[in-house]
Amino acid sequence: MLTVPGAAHRLCDGVTRRDALRIGALGLGGLSLPGLLRAEQLAGIKKSHKAVIMIYMVGAPPHQDMYDLKMDAPSEIRGEFRPIDTAVPGIQICEHLPKLASIMDKLIPLRSVYGSPDGNHDSFICYTGRKATNQPPGGWPSIGSTISKVMGATNKSVPPFLGLAPNAGHPPYGSPGHPGYLGVTHSAFRPSGPAKADMTLNGIDSDRLTNRKQLLASFDHFRRDADASRMMEGLDSLNSQAMDILTSSRLVEALDISKEDEAVRAKYGKGDPNNYGDGAPRNLEQFLMARRLVEAGARVVTLNFGRWDFHSSNFSECKNTHFPMFDQGMHALITDLHERGMDQDVAVVAWGEFGRTPRINPEAGRDHWPEVGNGLIAGGGFRTGQVIGSTDRIGAKIIDRPIHFGEVHATLYKHFGIDPHAITLNDFAGRPHPLVDAWKAMPELV
């Protein structure tokens with residue numbers, strides 16, 4: 001272990017300055033320099049820009065009406081939709097997802113996702129791969145926050161983690177993924193609505209902005225030594241990030257889809273920017289924005305789509321309000337990534353928190369079914385054109401290849417070149433945790 005000598009003055013978080021300069025297995029914040037260097041030496045971190053776009057399908061879509069139709073089941077289970085052939089012989093999906101069917105060679109439907117413990121609506125398991133119960137002090141961080149901590153930004157003017165989620169009537173529906181015990185420094189940057197107008201300098205030049213930054217620092221200086229909560233540390237980082245954004249046009253230009261070619265914008269379409277009930281919008285322009293953000297340097301972009309909690313009118317809601325827009329947005333995003341040569345570096349995941357009941361209820365809806373759900377993966381250099389997992393005749397139980405949310409997260413960390421068990425991060429009590437539980441990357445994909 002290499003130690004750099006220094007006076008043992010204690011910092012506000014209880015760590016001495018000498019401890020902060022010690023390089024080794026117990027590095028500051030639970031992330032050792034050797035571990036970080038090992039991570040950087042693995043595939044892609046220094047030589048390319050790996051990224052993840054994660055689409056949370058708010059409220060949980062019906063698995064047996066999308067990628068796992070049950071035509072041999074009784075009518076009260078199989079529903080109204082019929083399967084169609086896809087670009088991959090032997091794989092069929094719903095007739096109302098024709099665009100996705102046409103690019104099945106670029107997709108991986110997951111038919112056996114599980115892990116939601118209680119069937120409660122929450123984006124938490126999608127964004128962390130972990131249960132929301134029995135969390136460590138500070139709470140589990142989302143994948144975006146973890147990547148922000150472990151890898152940092154590719155460009156100082158573009159945050160590593162951006163969330164396109166709006167505020168929603170049901171707060172978990174509007175979550176972009178929480179930072180948990182990693183703190184406010186690694187929260188998602190949320191450039192939604194009027195906030196975009198605050199990302200440019202209006203009427204002042206960069207020199208004047210620097211003077212204002214110095215004045216702000218002098219106001220805050222007196223409370224540094226008394227801060228035991230580490231909030232000022234987080235605010236310092238956020239202030240620095242804000243200054244970088246204000247003095248660069250990179251992020252603002254990425255968010256400005258008017259700069260995109262009209263043919264590309266037409267391919268994505270507009271969708272509906274208004275929240276669907278207490279859920280999220282079906283905003284197709286956010287799929288385009290996500291691609292532009294990772295192209296500009298973002299590492300993780302999350303977006304929330306629709307409200308799939310169809311306890312009634314499941315088939316009309318899917319057919320008329322959600323399937324067509326999801327089909328168009330996902331098709332446009334995935335083909336766009338391939339056309340730009342980004343499909344090896346950008347992984348896309350779309351899923352909800354659980355599945356829906358096999359039996360259709362009297363209101364023509366499907367209720368919560370945590371035993372099995374589905375997902376869709378693309379890009380990332382993964383082996384596409386295959387289906388993973390299967391369920392029984394009525395879509396009630398997994399019969400082949402259970403896929404836990406945590407396995408997918410382990411796979412995404414490996415996509416970034418990170419061994420999620422070789423690096424640990426400390427919770428608020430100072431206890432180290434690996435980036436995922438015991439799960440390993442899915443061998444079918446990598």
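The values are calculated or read from the model by the stated rules, or taken from the named source; none is laboratory data. All figures in this text were calculated on a predicted structure; none of them were measured in a lab. Because the Cβ atoms are built from the backbone with ideal geometry, glycine has one as well, and the counts that use them run over all protein chains shown.
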> Where in region 1-106 are there helices (runs of 4 or more DSSP H), lying fully within it, with 2 or more residues that are modelled with pLDDT of 50 or more and either in the same structural domain as E339 (by TED's automatic domain parsing) or touching a Pro at 6+ places or on another chain (Cβ under 6 Å) (or both)?
Replying inline: 75-78, 98-102
> Which of the residues spanning region 420-440 are part of a loop (DSSP other than H, G, I, E, B), surrounded by 17 or more Cβ atoms within 10 Å (Cβ to Cβ) and in contact with a Leu (Cβ under 8 Å, 6 or more places away or on another chain)?
Replying inline: P420, I423, L435
>> Could you check region 108-129 and list, in sequence order, the residues that are modelled with pLDDT of 95 or more and more than 18 Å from the chain's Cα centre (by Cα)?
In response: R111, S112
> Filter region 279-304 for residues that are out of contact with any Asp or Glu (no Cβ under 9 Å at 6 or more places or on another chain) and farther than 17 Å from D336 by Cβ; which is surrounded by the fewest Cβ atoms within 10 Å (Cβ to Cβ)?
Replying inline: G297
> Taking region 135-167 as the region of interest, how many residues are under 30 Å from G59 (Cβ atoms), polar (S, T, N, Q) and surrounded by fewer than 23 Cβ atoms within 10 Å (Cβ to Cβ)?
Replying inline: 2
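In region 121-174, what residues are in a loop (DSSP other than H, G, I, E, B), of a type in the set (K, R) and either over 21 Å from V349 (Cα atoms) or in contact with a strand residue (DSSP E or B) (Cβ under 7 Å, 6 or more places away or on another chain) (or both)? Show your work before the answer.
Step one: filter region 121-174 for residues in a loop (DSSP other than H, G, I, E, B), giving 121-123, 129-142, 152-154, 156-157, 159-160, 164-170.
Among the residues that remain, those that are also of a type in the set (K, R) are: 130-131, 156.
Result: K156, single match.
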> So which residues in region 188-208 are under 26 Å from D309 (Cβ atoms) and modelled with pLDDT of 55 or more?
Replying inline: A188, R190, S192
> Within region 324-359, which residues are buried (at least 24 other Cβ atoms within 10 Å of the Cβ) and more than 20 Å from the chain's Cα centre (by Cα)?
Replying inline: R356, P358
>> Given the options T302, T357, T321, name the one that is β-branched (V, I, T) and touching a Lys or Arg at 6+ places or on another chain (Cβ under 6 Å).
In response: T357
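Please tell me if D105 is of a type in the set (D, E), touching a residue at least 60 places away in the same chain (Cβ under 8 Å) and surrounded by 15 or more Cβ atoms within 10 Å (Cβ to Cβ). Break it down into steps so the answer makes sense when it comes.
Details: of a type in the set (D, E): yes; touching a residue at least 60 places away in the same chain (Cβ under 8 Å): yes; surrounded by 15 or more Cβ atoms within 10 Å (Cβ to Cβ): no.
Answer is no for this residue.
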> So which residues in region 398-418 are crowded, with 18+ Cβ neighbours inside 10 Å, among the charged types (D, E, K, R) and farther than 20 Å from A132 by Cα?
Replying inline: K414
> Of all the residues that make up region 237-260, how many are surrounded by 15 or more Cβ atoms within 10 Å (Cβ to Cβ), modelled with pLDDT of 90 or more and within 22 Å of the chain's Cα centre (by Cα)?
Replying inline: 4
>> Being buried (at least 19 other Cβ atoms within 10 Å of the Cβ), touching a strand residue (DSSP E or B) at 6+ places or on another chain (Cβ under 7 Å) and more than 17 Å from A350 (Cβ to Cβ) is the filter here; which residues of region 65-91 pass it?
In response: L69, F81
